[in-house]
Amino acid sequence: MKSEKDFSLDEKIEGDSIFIGDLPLCKFLLMNDSNYPWFLLVPRRAEIKEIFDLSEDDRKQLDFETVEVSKFIKSSFNPEKINIASLGNIVSQFHVHIIARYTDDISWPETVWGKYPYNEYKGTQSGDLLKISKSFINKLKI
């Protein structure tokens, strides 16, 4: 398996998201869609397309980071539901979506994909969200 030094973020993910910071395993990103508090975790490992391509230790770390980000979303945004998904149909690089959902959000109860266009953050609109997200990752680092 290739190491972190061989890792590069998929261009589509990079173009559709805002970098928050690095967790122990994953890049932590905010999806550039203000319709939902929508985050991504991308393990910094080269050529990973499926969860089973990760080592056992990396899978355990991914599980830990997914749970911690989910708890952060729950406590920060108080959603009715948190959606966790890894599809990879458009971007094959393995990544995990963690999305806060509300019964009054634009897509409820349907999926967030494809029904409505992204509502990109404008100017400094994402500033508060990035600030609390960066505070979270600083507390998470041990």
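Throughout, read-outs are computed from the coordinates displayed, never taken from laboratory work. Everything numeric in this text was worked out from a predicted model, so none of it was measured. Positions of Cβ are generated from backbone atoms using ideal geometry, with glycine treated the same way; all protein chains shown enter the neighbour counts.
In the set (1) of a type outside the set (S, T, N, Q); (2) under 18 Å from TYR116 (Cβ atoms); (3) touching a residue at least 60 places away in the same chain (Cβ under 8 Å); (4) in contact with a Pro (Cβ under 9 Å, 6 or more places away or on another chain), the condition left unmet by ILE90 is number (4).
Being farther than 25 Å from LEU130 by Cβ and within 16 Å of the chain's Cα centre (by Cα) holds for only one residue in SER70, SER92, SER76, SER55, and it is SER92.
Taken over the stretch 21-31, the criterion of being surrounded by fewer than 21 Cβ atoms within 10 Å (Cβ to Cβ) and in a strand (DSSP E or B) is satisfied by GLY21, ASP22, LYS27, LEU30.
Taking (1) of a type outside the set (Ser, Thr, Tyr); (2) part of a strand (DSSP E or B); (3) surrounded by fewer than 18 Cβ atoms within 10 Å (Cβ to Cβ); (4) in contact with an Asp or Glu (Cβ under 9 Å, 6 or more places away or on another chain) in turn, GLU47 satisfies each apart from (2). Among the criteria (1) part of a loop (DSSP other than H, G, I, E, B); (2) surrounded by 11 or more Cβ atoms within 10 Å (Cβ to Cβ), the one PRO109 does not fulfil is (2). Of the residues SER76, SER34, SER70, the single one that is over 19 Å from LEU140 (Cβ atoms), surrounded by 12 or more Cβ atoms within 10 Å (Cβ to Cβ) and among the hydroxyl-bearing types (Ser, Thr, Tyr) is SER34.
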